1. Can you tell me which of Arg15, Arg95 is among the charged types (D, E, K, R) and in contact with a helix residue (DSSP H, G or I) (Cβ under 9 Å, 6 or more places away or on another chain)?
2. Checking the condition assigned to a helix (DSSP H, G or I), surrounded by fewer than 10 Cβ atoms within 10 Å (Cβ to Cβ) and at pLDDT 85 or above, which residue from His28, His16 passes?
3. So which residues in the stretch 59-103 are exposed (fewer than 10 other Cβ atoms within 10 Å of the Cβ) and among the β-branched types (Val, Ile, Thr), if there are any at all?
4. Looking at the stretch 39-59, is at least one residue modelled with pLDDT of 90 or more, under 23 Å from the mean Cα position of the chain (by Cα) and among the polar types (S, T, N, Q)?
5. Only residues that are farther than 30 Å from Val9 by Cβ and either of a type in the set (S, T, N, Q) or touching a helix residue (DSSP H, G or I) at 6+ places or on another chain (Cβ under 9 Å) (or both): list them for the stretch 44-76, please.
6. Test of understanding: among Leu37, Leu41, Leu33, which residue is in contact with a helix residue (DSSP H, G or I) (Cβ under 9 Å, 6 or more places away or on another chain) and in contact (Cβ under 8 Å) with a residue 24 or more places away in the chain?
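The values are calculated or read from the model by the stated rules, or taken from the named source; none is laboratory data. Because the structure is a prediction, the values reported are computed rather than measured. So basically every Cβ, Gly included, is an ideal-geometry build from the backbone, and we count neighbours across all protein chains shown.
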Amino acid sequence: MSTEPDAGVTPDVVRHLAGLARIALTEHEITKLTGELMVILDNVAKVNEVAGPDVPATSHPIPLSNVYRDDVPGVTLTTEQALAGAPDHDGSRFRVTAILGEEQ
């Protein structure tokens, strides 16, 4: 595996990605992650060399199928039953305190 600096993965790129993800990293972590990302990209490049147009893209080695049951409507609560245990409501909807904007 190549340990030479890759033009695409630099400490500045890792800092930028960490900023986008809102993750605080130390300089040691940035250096470590730069190397780890280079190894990951090298491995992806190796897979791309082997995977030709005749190899279908897949996320699992074994085909998966939907194992969920059919979506069949059943008995539901009336509005009054749903609101019966609510701490606060307006007769047709739950009433909750506003939370948007408190941490922004």
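1. Testing whether each residue is among the charged types (D, E, K, R) and in contact with a helix residue (DSSP H, G or I) (Cβ under 9 Å, 6 or more places away or on another chain) leaves just Arg15.
2. On inspection, the qualifying residue turns out to be His28.
3. Once the filter is applied, which keeps residues that are exposed (fewer than 10 other Cβ atoms within 10 Å of the Cβ) and among the β-branched types (Val, Ile, Thr), the stretch 59-103 yields Ile62, Val67, Val72, Val75, Thr76, Thr78, Thr97, Ile99.
4. yes
5. Within the stretch 44-76, Ser65, Asn66, Thr76 qualify.
6. Numbers: Leu41 fails: in contact with a helix residue (DSSP H, G or I) (Cβ under 9 Å, 6 or more places away or on another chain); Leu33 fails: in contact (Cβ under 8 Å) with a residue 24 or more places away in the chain.
Of Leu37, Leu41, Leu33, the one residue that is in contact with a helix residue (DSSP H, G or I) (Cβ under 9 Å, 6 or more places away or on another chain) and in contact (Cβ under 8 Å) with a residue 24 or more places away in the chain is Leu37.
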